[in-house]
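Written out below as structure tokens is the structure these notes cover.
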Amino acid sequence: MKIEDIRINYERAMSNRGNQARLKKVFKRALAGEKLTLGFLGGSITQGSLATAPNLCYAYHVYEWWCRSFPTAQFTYVNAGIGATDSQFGCARAESDLLQYRPDFVIIEYSVNDAATAHFQETYEGLVRKILGSEWKPAVLLVHNVCYDNGASAQLIHSKVGRYYDLPAVSMQSTIYPELLAGRLENRTITPDDLHPNDLGHALVASVITHVLDKILADVDHSETETEFPSVPLTANGYEHSVRYRNDSCEPVCNGFQADTAPQNGITDIFKKGWTAGEKGASIRFEVEGSSIGVQYRKTMQLPAPVAQVILDGDDANPITLDANFDETWGDKLVLDTILDHGENRTHTVEIRLVETHPDDKLPFYLVSVIVS
């Protein structure tokens, strides 16, 4: 089957019109032949999971749309997608993985990575504020993907943020998913696992996005006044200014933990710049300042694996378990556990102790980072 053979209702693609002033400004700069940077931030779908080549993922298809639509312009493509990660991690890495390139246009895609909870509405808002509030005022488009077997998505809570900031948004829940429900499109035609698109699925997702871009481009000469950036956030917004501590940016007290100094090969080489330990009783201790704290570590499918505990502020009676044993088979996972959410905004101690190891452990415990907001 080809993309031309699939019929979906593209008129439902734009789930929120939003203010289009920034995007139209970028279009006009592209029409004038300027150099522009296109950024994509999200999870595994943005990274291109299950596409058979990097240039067959939806993000690259959208980049190609820009190249076709504006042949005199020059575009730089920045794909900052990392599989199995959420907008809470996105807040902590937006600067290093995306904003350092000063993108002129950004797609944010986290609706199948975030849970539909108030916590992720808050982290999503923090990410939106961080990008939208950048000094060079990039244009932002929200993309809401969907689970193709049951329609699950955080689109509802994400859309509340999108409407508050008056952002254009695109939905797969209202375009592709209804065709699956109606039986006019078979799931396995576009996805092997009901989450990640195959090559045809990525092309279909891109077609929904570029349909919206085409409509906005056709109206480029209709000027709009840019919506004022809200000074007061929608949520408590405790995650916008997150800081990520790895072994190149801090010096914790180590007792049996060793810094991993191997070079990192791109942002998707996720188990790098952290600390490892394999002996029971090993510990590592951080002092950090903030009101929310997350700990990132590796869950591995190579069993058995070590188990660690987090002791926050010396509270030995209430340890938090970090179990590195992963019961899935698709690969090792980068896990981010929130150990303090809206606590006191002060200096906290975070101690991680290895409490269970096994003679046949395949891998050591890997602490990737501590994230503080």
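The values are calculated or read from the model by the stated rules, or taken from the named source; none is laboratory data. Note that the coordinates shown come from a computational prediction; the quantities given were computed from them, not determined experimentally. Cβ coordinates were reconstructed from backbone atoms using ideal geometry, including for glycine residues, and neighbour counts include every protein chain displayed.
Being among the small types (Gly, Ala, Ser) and in a loop (DSSP other than H, G, I, E, B) is the filter here, so list the residues in the stretch 1-49 that pass it.
Hits for the stretch 1-49 are Ala13, Gly18, Ala32, Gly33, Gly43, Gly48, Ser49.
Looking at this structure, is Glu109 within 22 Å of Ala51 (Cα to Cα), buried (at least 24 other Cβ atoms within 10 Å of the Cβ) and in the same structural domain as Leu36 (by TED's automatic domain parsing)?
Yes.
Let me spell it out: the conditions are (1) in a helix (DSSP H, G or I); (2) out of contact with any Gly (no Cβ under 9 Å at 6 or more places or on another chain), and Thr52 meets all of them except one. Which number is the exception?
With (1) in a helix (DSSP H, G or I); (2) out of contact with any Gly (no Cβ under 9 Å at 6 or more places or on another chain) applied to Thr52, the lone miss is (1).
Could you list, in sequence order, all residues of the stretch 292-307 that are surrounded by 15 or more Cβ atoms within 10 Å (Cβ to Cβ) and either more than 19 Å from the chain's Cα centre (by Cα) or part of a loop (DSSP other than H, G, I, E, B) (or both)?
Ser292, Thr300, Met301, Pro304, Ala305, Pro306, Val307
Any residue at all in the stretch 52-74 that is surrounded by fewer than 18 Cβ atoms within 10 Å (Cβ to Cβ), under 18 Å from Met172 (Cα atoms) and under 25 Å from the mean Cα position of the chain (by Cα)?
No, there is no match, as no residue in the stretch 52-74 is surrounded by fewer than 18 Cβ atoms within 10 Å (Cβ to Cβ), under 18 Å from Met172 (Cα atoms) and under 25 Å from the mean Cα position of the chain (by Cα).
Under 7 Å by Cβ, and 6 or more places apart or on different chains, what pairs join a residue from the stretch 185-202 that is more than 19 Å from Tyr60 (Cβ to Cβ) with one that is among the acidic types (Asp, Glu) and surrounded by 15 or more Cβ atoms within 10 Å (Cβ to Cβ)?
Leu185/Glu179; Asn187/Asp194
For the stretch 150-169, give me each residue that is under 21 Å from His196 (Cα atoms) and either of a type in the set (Ser, Thr, Tyr) or surrounded by fewer than 16 Cβ atoms within 10 Å (Cβ to Cβ) (or both).
Asn150, Gly151, Ser153, Leu156 - these are the residues of the stretch 150-169 that are under 21 Å from His196 (Cα atoms) and either of a type in the set (Ser, Thr, Tyr) or surrounded by fewer than 16 Cβ atoms within 10 Å (Cβ to Cβ) (or both).
Return yes or no: is Gln47 modelled with pLDDT of 95 or more, surrounded by fewer than 15 Cβ atoms within 10 Å (Cβ to Cβ) and over 23 Å from Ser223 (Cβ atoms)?
no
For the stretch 1-15, how many residues are buried (at least 17 other Cβ atoms within 10 Å of the Cβ) and closer than 26 Å to Glu224 by Cβ?
Count: 3.
Matching residues to (1) crowded, with 22+ Cβ neighbours inside 10 Å; (2) touching a Lys or Arg at 6+ places or on another chain (Cβ under 6 Å); (3) within 16 Å of Ile371 (Cβ to Cβ):
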{"position": "Asn265", "(1), (2), (3)": "no, no, no"}
{"position": "Phe271", "(1), (2), (3)": "no, yes, yes"}
{"position": "Gly290", "(1), (2), (3)": "no, no, yes"}
{"position": "Ile311", "(1), (2), (3)": "no, no, no"}
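Looking for whichever is surrounded by fewer than 19 Cβ atoms within 10 Å (Cβ to Cβ), without any contact (Cβ under 8 Å) to a residue 24 or more places away in the chain and not assigned by TED's automatic domain parsing to the domain that holds Thr85 here; the options are Asp315, Asp361. Which one fits?
On inspection, the qualifying residue turns out to be Asp315.
Being small (Gly, Ala, Ser) and farther than 21 Å from Phe120 by Cβ narrows it down to one of Gly281, Gly290, so name that one.
Gly281
Out of curiosity, is Ala282 closer than 18 Å to Val335 by Cα and crowded, with 20+ Cβ neighbours inside 10 Å?
Against the criterion (closer than 18 Å to Val335 by Cα and crowded, with 20+ Cβ neighbours inside 10 Å), Ala282 does not qualify.
Report yes if Thr210 is assigned by TED's automatic domain parsing to the domain that holds Lys137, in contact (Cβ under 8 Å) with a residue 40 or more places away in the chain and surrounded by 13 or more Cβ atoms within 10 Å (Cβ to Cβ), otherwise no.
It is true that Thr210 is assigned by TED's automatic domain parsing to the domain that holds Lys137, in contact (Cβ under 8 Å) with a residue 40 or more places away in the chain and surrounded by 13 or more Cβ atoms within 10 Å (Cβ to Cβ).
Being within 18 Å of Gly83 (Cα to Cα), part of a strand (DSSP E or B) and at pLDDT 95 or above narrows it down to one of Val310, Val350, Val335, Val288, so name that one.
Answer to the selection: Val335.
Within the bounds of the stretch 327-344, is there any residue that is among the polar types (S, T, N, Q), surrounded by fewer than 18 Cβ atoms within 10 Å (Cβ to Cβ) and touching a residue at least 40 places away in the same chain (Cβ under 8 Å)?
Scanning the stretch 327-344, I find at least one residue that is among the polar types (S, T, N, Q), surrounded by fewer than 18 Cβ atoms within 10 Å (Cβ to Cβ) and touching a residue at least 40 places away in the same chain (Cβ under 8 Å), so the answer is yes.
Among the residues of the stretch 9-32, which ones are within 24 Å of Cys67 (Cβ to Cβ) and either outside the structural domain of Gly162 (by TED's automatic domain parsing) or of a type outside the set (Gly, Ala, Ser) (or both)?
Once the filter is applied, which keeps residues that are within 24 Å of Cys67 (Cβ to Cβ) and either outside the structural domain of Gly162 (by TED's automatic domain parsing) or of a type outside the set (Gly, Ala, Ser) (or both), the stretch 9-32 yields Tyr10, Met14, Gln20, Arg22, Leu23, Lys24, Lys25, Val26, Phe27, Lys28, Arg29, Leu31.
Could you check, for the stretch 15-26, whether at least one of its residues is β-branched (Val, Ile, Thr), over 25 Å from Val335 (Cα atoms) and touching a residue at least 40 places away in the same chain (Cβ under 8 Å)?
For the stretch 15-26, residues β-branched (Val, Ile, Thr), over 25 Å from Val335 (Cα atoms) and touching a residue at least 40 places away in the same chain (Cβ under 8 Å): present.
To keep it simple, each residue is scored yes or no on (1) β-branched (Val, Ile, Thr); (2) modelled with pLDDT under 95; (3) under 20 Å from the mean Cα position of the chain (by Cα); (4) part of a loop (DSSP other than H, G, I, E, B).
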position	(1), (2), (3), (4)
Val143	yes, no, yes, no
Cys147	no, no, yes, yes
Ser153	no, no, yes, yes
Leu156	no, no, yes, no
Val161	yes, no, yes, no
Ser174	no, no, no, yes
